[in-house]
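Chemist: This structure is in structure tokens; I'll ask about it shortly.
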Amino acid sequence: MKKLSKHLAFFLILPLCIACSSRVQNPRFVINEVLVINEQNYVDDYGQRSGWIEIFNNTAKTQDLGGLFLTNDRSNPRKYPIPKGDVLTKLAPHQHVLFWANNKPYQGTFYISFELNPDAENYIALYDESGTKLIDEVTIPKGQLPDVSWGYKTDGVKFNREGANMLAVLEKVTPSTNNYTLDKNEKVERFKHQDKFGASMTITSMLVVFLALVLLYIVFKLVGKGSVGLNKRKKEKDTTVTEGVKPETNEIPGEVLSAIFMALHEEQSDVHDFEHTILTFNKINRNYSPWSSKIYGLRQTPRK
Amino acid sequence: MGNFIDFLIDNLTTFFNNTGFANVESGHVIMILFGILFIFLAIRYEFEPLLLVPIGFGILVGNIPFDLSANLEIGVYEEGSVLNILYQGVEKGWYPPLIFLGIGAMTDFSALIANPKLILVGAACQFGIFGAYIIALQLGFEPNEAASIGIIGGADGPTAIFLTSKLAPHLLGAVAISAYSYMALIPILQPPFMRLLTTKKEKLIRMKSARVVSQSEKIIFPVVGLLMTAFLVPSGLPLLGMLFFGNLLKESGVTRRLAETARGPMVDIVTILLGLMVGVSTQATTFLTAASVKIFLLGALAFSIATCAGVLFVKFFNLFLKEGNKINPLIGNAGVSAVPGSARMSQIVGLEYDSTNHLLMHAMGPNVAGVIGSAVAAGLMLGFLY
């Protein structure tokens with residue numbers, strides 16, 4: 001059993017350690033969709049058309065874009081500082097915002113200080129407040145067609161499970177809205193179609209439940225053994241110090257104690273189950289008034 | 001004078017139209033009778049009174065008919081009403097983790113630590129959840145609904161509410177009522193399966209008395225328990241985190257006041273609110289459906305499967321254990337997480353066959369393992385389907 005425990009521990013903990021390897025994470029803000037040449041597409045608040053960049057809050061919390069930097073220049077990460085203090089830069093979970101690349105930053109928070117180049121490759125990056133740490137970057141290749149945007153098919157999913165970059169031409173241009181419209185819970189749909197009998201869910205879940213509890217079993221088996229060993233050594237030490245004194249062996253086992261307490265509990269519950277209700281008037285002599293008693297105005301001494 | 005009388009009659013008509021008598025439907029009456037039945041069962045037979053009294057009374061509160069078009073903002077589903085604000089704890093799922101904090105602060109895991117192999121019984125009983133999940137799928141429920149129904153088999157009210165509030169909020173009332181009702185009915189549901197699936201010889205198995213667990217082990221348990229389970233199933237974090245945190249408060253020895261508050265006033269307050277609001281949420285218009293009846297039946301099935309799985313797993317496990325180390329299969333039922341009701345059942349049925357064989361302490365091991373197991377299972381399903 002001891003050997004088995006050790007082997008099990010090895011085989012169970014090893015995959016966990018391997019799983020700790022560096023899996024590519026999707027950024028917290030994703031440059032979600034970019035349109036370089038805008039001829040017939042979305043119009044800004046001034047009635048003008050220009051290229052735009054859509055940023056997506058890829059987390060389940062509200063995040064502020066204020067203070068971050070947008071740039072199209074690798075050597076100048078602080079090219080357009082997104083103004084602080086504008087409530088509109090606060091992005092709700094999994095929501096989008098559009099920045100117009102028209103080189104007219106005086107028009108407002110969402111009009112940035114550079115344009116997208118229709119004849120060359122466009123590098124776009126988002127930097128953090130310090131302007132040194134890259135949050136997300138994207139490179140839109142040269143030779144863009146008018147009114148065709150690039151982005152990620154599923155919002156915020158820049159890297160797939162294998163770590164491959166998912167940037168591609170999108171079927172539809174979807175400024176400030178989801179690149180992929182969700183009308184159903186995909187996870188539920190997947191289980192509905194691929195696991196009609198629930199076998200996959202059952203097997204996976206039972207395996208994980210067992211794995212979690214087997215891990216606990218192994219750890220506490222080992223901890224228990226260590227603790228018992230420690231106690232033994234301590235006892236041995238004690239007996240050598242107090243040689244000649246017999247250790248007490250008449251301890252009451254735990255289950256007997258619990259049975260006694262349960263019996264007592266049930267007995268007491270029975271005793272108090274049904275009682276005749278009798279209303280009486282008893283004269284009570286009080287030498288003091290409880291209303292003015294000091295005890296009600298004092299806190300109990302806190303216990304450790 | 002004529003105008004005054006017209007006005008008076010008009011006023012009285014408005015008043016009557018606002019009363020419950022003018023708006024009552026058969027569904028309300030049925031639900032009110034259910035509420036009275038729950039209160040009766042709780043007081044007369046002491047079936048989980050701490051839960052059934054608030055739930056039963058909540059059913060009465062939730063089914064007082066009123067004119068919905070009057071815009072009185074009193075109904076549980078009317079945004080901004082007092083009941084709606086209190087219902088947020090159920091709807092958003094923050095009452096259950098608070099209950100788990102209290103459970104952690106009142107649960108002694110030493111039976112489990114002393115005999116860790118009993119943890120596996122707690123894992124086996126979770127098959128009840130997935131057995132019911134499979135059957136619910138076949139009855140036409142969507143996977144998210146089936147998961148919410150299956151979790152009733154975990155015999156853990158807060159977990160069931162937590163998962164259902166996320167996966168299938170429209171089934172919340174039925175699932176919650178079903179989970180708590182069956183927890184109350186454990187003395188009726190479990191013993192027949194326990195007796196049926198075990199031989200006379202197995203029922204008489206005496207288990208070794210558990211060793212004394214050191215304080216250090218008790219302190220290590222919540223920390224390691226959290227790390228092991230939450231790393232594996234992060235989606236179960238709200239429940240597991242609170243459960244183990246509560247237990248650390250209890251066992252650390254230096255936070256006695258916090259532990260006492262968590263297992264005393266705090267858990268009492270949340271239990272009152274949770275129970276009452278679960279009851280209130282069963283408005284006849286949303287609750288009395290064919291789906292609710294199916295959920296009730298599937299809930300009973302889930303409990304039965306969980307009980308059988310636990311007992312049969314112990315029998316199977318015994319094949320690999322040496323004589324003297326064998327486990328009495330009568331504690332297999334305790335792997336469902338209804339603490340301590342199902343462990344008490346092991347003790348009672350065990351005593352029927354040997355009046356000196358006390359199984360309570362041994363059954364507490366799988367019982368508390370069941371709490372962890374069902375929280376892990378709920379976290380898994382949440383991860384898969386939410």
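Chemist: Before we move on, is A:K221 in a helix (DSSP H, G or I), more than 30 Å from B:G150 (Cα to Cα) and modelled with pLDDT of 85 or more? Explain how you work it out, then say what you get.
Modeler: Values: in a helix (DSSP H, G or I): yes; more than 30 Å from B:G150 (Cα to Cα): yes; modelled with pLDDT of 85 or more: yes.
Here the answer is yes, as A:K221 does meet what is asked.
Chemist: Search region A:181-195 for residues being assigned to a loop (DSSP other than H, G, I, E, B) and either polar (S, T, N, Q) or open to solvent by 60 Å² or more (accessible area, probe 1.4 Å) (or both), and hand back the single one that is farthest from the other protein chains (Cβ to nearest Cβ). Steps first, answer last, please.
Modeler: Of all residues in region A:181-195, those assigned to a loop (DSSP other than H, G, I, E, B) come to A:181-185, A:195.
The next check asks that each one be either polar (S, T, N, Q) or open to solvent by 60 Å² or more (accessible area, probe 1.4 Å) (or both); those that pass are A:181-185.
Numbers: A:T181: 19, A:L182: 13, A:D183: 14, A:K184: 10, A:N185: 7 Å.
My answer is A:T181.
Chemist: Of the residues B:G80, B:G56, B:G93, which is more than 30 Å from A:L222 (Cβ to Cβ), among the small types (G, A, S) and assigned to a helix (DSSP H, G or I)? Steps first, answer last, please.
Modeler: Working: B:G80 fails: assigned to a helix (DSSP H, G or I); B:G93 fails: assigned to a helix (DSSP H, G or I).
It is B:G56.
Chemist: Moving to a separate point now. Please give the number of the condition B:I152 fails out of (1) within 16 Å of the chain's Cα centre (by Cα); (2) at pLDDT below 90; (3) away from chain A (no Cβ under 14 Å).
Modeler: Here B:I152 clears every test but (2).
Chemist: Which one of these is under 24 Å from the mean Cα position of the chain (by Cα), more than 10 Å from chain B (Cβ to nearest Cβ) and touching a residue at least 12 places away in the same chain (Cβ under 8 Å): A:N165, A:N178? Don't jump to the end; show me each part of the working.
Modeler: Values: A:N165 fails: touching a residue at least 12 places away in the same chain (Cβ under 8 Å).
Step by step, each of A:N165, A:N178 is checked, and only A:N178 is under 24 Å from the mean Cα position of the chain (by Cα), more than 10 Å from chain B (Cβ to nearest Cβ) and touching a residue at least 12 places away in the same chain (Cβ under 8 Å).
Chemist: Let me ask something else. Which of the residues spanning region B:349-371 are more than 9 Å from chain A (Cβ to nearest Cβ) and closer than 16 Å to B:M106 by Cβ?
Modeler: B:N367, B:V368, B:G370, B:V371
Chemist: Return yes when A:V30 is surrounded by fewer than 21 Cβ atoms within 10 Å (Cβ to Cβ) and of a type in the set (V, I, T) and no when it is not.
Modeler: Spelling it out, it is not the case that A:V30 is surrounded by fewer than 21 Cβ atoms within 10 Å (Cβ to Cβ) and of a type in the set (V, I, T).
Chemist: Among the listed residues A:Y111, A:Y127, A:Y80, A:Y180, which satisfies the condition of being among the hydroxyl-bearing types (S, T, Y) and out of contact with any Phe, Trp or Tyr (no Cβ under 7 Å at 6 or more places or on another chain)? Don't jump to the end; show me each part of the working.
Modeler: On the way: A:Y111 fails: out of contact with any Phe, Trp or Tyr (no Cβ under 7 Å at 6 or more places or on another chain); A:Y127 fails: out of contact with any Phe, Trp or Tyr (no Cβ under 7 Å at 6 or more places or on another chain); A:Y80 fails: out of contact with any Phe, Trp or Tyr (no Cβ under 7 Å at 6 or more places or on another chain).
Every option except A:Y180 fails the conditions.
Chemist: Being at pLDDT below 90, open to solvent by less than 10 Å² (accessible area, probe 1.4 Å) and either more than 18 Å from B:G35 (Cα to Cα) or of a type in the set (G, A, S) (or both) narrows it down to one of B:G80, B:G93, B:G56, so name that one.
Modeler: The match here is B:G93.
Chemist: Look through B:S374, B:S337, B:S346, B:S292 and report the one residue that is open to solvent by less than 40 Å² (accessible area, probe 1.4 Å), among the polar types (S, T, N, Q), more than 10 Å from chain A (Cβ to nearest Cβ) and under 25 Å from B:L139 (Cα atoms).
Modeler: Unique residue meeting the criteria: B:S292.
Chemist: Go through region B:62-71 residue by residue and tally those that are open to solvent by 80 Å² or more (accessible area, probe 1.4 Å) and in a loop (DSSP other than H, G, I, E, B). Steps first, please.
Modeler: Taking region B:62-71 first, the residues open to solvent by 80 Å² or more (accessible area, probe 1.4 Å) are B:64, B:68-69, B:71.
If we keep only those that are in a loop (DSSP other than H, G, I, E, B) too, we end up with B:64, B:71.
Qualifying residue count for the region: 2.
Chemist: I'd like to know if region B:105-122 contains one or more residues that are acidic (D, E), touching a helix residue (DSSP H, G or I) at 6+ places or on another chain (Cβ under 8 Å) and open to solvent by 50 Å² or more (accessible area, probe 1.4 Å).
Modeler: The answer is yes; a qualifying residue exists.
Chemist: Moving to a separate point now. Tell me the residue from A:T177, A:T154, A:T181 that is of a type in the set (V, I, T) and over 30 Å from B:F141 (Cα atoms), please. Walk me through it before giving the result.
Modeler: Working: A:T154 fails: over 30 Å from B:F141 (Cα atoms); A:T181 fails: over 30 Å from B:F141 (Cα atoms).
Criteria check complete, one pass: A:T177.
Chemist: Only residues that are more than 20 Å from the chain's Cα centre (by Cα) and either on the phi > 0 side of the Ramachandran plot or polar (S, T, N, Q) (or both): list them for region B:91-146, please.
Modeler: Answer for region B:91-146, where residues must be more than 20 Å from the chain's Cα centre (by Cα) and either on the phi > 0 side of the Ramachandran plot or polar (S, T, N, Q) (or both): B:S110, B:N115, B:Q138, B:G140.
Chemist: Report the residue count in region B:377-386 for those that are among the aliphatic types (A, V, I, L, M), facing chain A (nearest Cβ under 9 Å) and open to solvent by 10 Å² or more (accessible area, probe 1.4 Å).
Modeler: Step one: list which residues in region B:377-386 are among the aliphatic types (A, V, I, L, M), which gives B:377-378, B:380-382, B:385.
Pick out the ones that are also facing chain A (nearest Cβ under 9 Å) and you get B:377, B:380-381, B:385.
Then drop every residue that is not open to solvent by 10 Å² or more (accessible area, probe 1.4 Å), which leaves B:380.
Going through region B:377-386 one residue at a time, the tally reaches 1.
Chemist: Among the listed residues B:G80, B:G102, B:G56, identify the single one that is closer than 30 Å to B:P238 by Cα, in contact with a Lys or Arg (Cβ under 7 Å, 6 or more places away or on another chain) and not basic (K, R). Before you say what the answer is, go through the steps one by one.
Modeler: Working: B:G80 fails: in contact with a Lys or Arg (Cβ under 7 Å, 6 or more places away or on another chain); B:G56 fails: in contact with a Lys or Arg (Cβ under 7 Å, 6 or more places away or on another chain).
Testing whether each residue is closer than 30 Å to B:P238 by Cα, in contact with a Lys or Arg (Cβ under 7 Å, 6 or more places away or on another chain) and not basic (K, R) leaves just B:G102.
Chemist: Could you list, ordered by first residue, the pairs with Cβ atoms under 8 Å in which the first is in region A:57-77 and charged (D, E, K, R) and the second is in a strand (DSSP E or B) and open to solvent by less than 40 Å² (accessible area, probe 1.4 Å), at least 6 apart or interchain?
Modeler: As it stands, the answer is A:D64/A:L91; A:D73/A:Y123; A:R74/A:Y123; A:R74/A:A125, since those pairs meet every condition given.
Chemist: Would a scan of region A:196-212 turn up a residue that is outside any helix (DSSP H, G or I), buried (at least 18 other Cβ atoms within 10 Å of the Cβ) and within 14 Å of chain B (Cβ to nearest Cβ)? Write out each step before concluding.
Modeler: Just the residues of region A:196-212 that are outside any helix (DSSP H, G or I), to begin with: A:196-198.
So of that shortlist, the ones also buried (at least 18 other Cβ atoms within 10 Å of the Cβ) come out as A:198.
Add one more test, that the residue is within 14 Å of chain B (Cβ to nearest Cβ), and what stays is A:198.
Yes - at least one qualifying residue is present in region A:196-212.
Chemist: Are any residues in region B:155-192 free of Cβ contacts under 8 Å to residues at least 40 places away in the same chain and open to solvent by 10 Å² or more (accessible area, probe 1.4 Å), and if so, which ones?
Modeler: Within region B:155-192, B:I188, B:P192 meet the criteria.
So that you can scan it fast, the table gives a plain yes or no per residue for (1) in a helix (DSSP H, G or I); (2) closer than 22 Å to B:S337 by Cβ:
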{"position": "B:L240", "(1), (2)": "yes, yes"}
{"position": "B:F244", "(1), (2)": "yes, yes"}
{"position": "B:E251", "(1), (2)": "yes, yes"}
{"position": "B:V254", "(1), (2)": "no, no"}
{"position": "B:R257", "(1), (2)": "yes, no"}
{"position": "B:T261", "(1), (2)": "yes, no"}
{"position": "B:P265", "(1), (2)": "yes, no"}
{"position": "B:D268", "(1), (2)": "yes, yes"}
{"position": "B:L274", "(1), (2)": "yes, yes"}
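Chemist: In addition: What about B:A136, is it touching a Phe, Trp or Tyr at 6+ places or on another chain (Cβ under 8 Å), under 22 Å from B:A300 (Cα atoms), surrounded by 24 or more Cβ atoms within 10 Å (Cβ to Cβ) and within 14 Å of chain A (Cβ to nearest Cβ)? Let's see the steps before the verdict.
Modeler: On the way: touching a Phe, Trp or Tyr at 6+ places or on another chain (Cβ under 8 Å): no; under 22 Å from B:A300 (Cα atoms): yes; surrounded by 24 or more Cβ atoms within 10 Å (Cβ to Cβ): yes; within 14 Å of chain A (Cβ to nearest Cβ): yes.
Answer is no for this residue.
The values are calculated or read from the model by the stated rules, or taken from the named source; none is laboratory data. Since the model is a prediction, treat every value here as computed from it, not as a measurement. In this analysis, Cβ positions are derived from the backbone assuming ideal geometry, glycine residues included, and neighbour counts consider all displayed protein chains. Heads up: the accessible areas ignore ligands, DNA and RNA and are worked out on the full protein's heavy atoms, side chains in. Shrake-Rupley method; radii C 1.70, N 1.55, O 1.52, S 1.80 Å.
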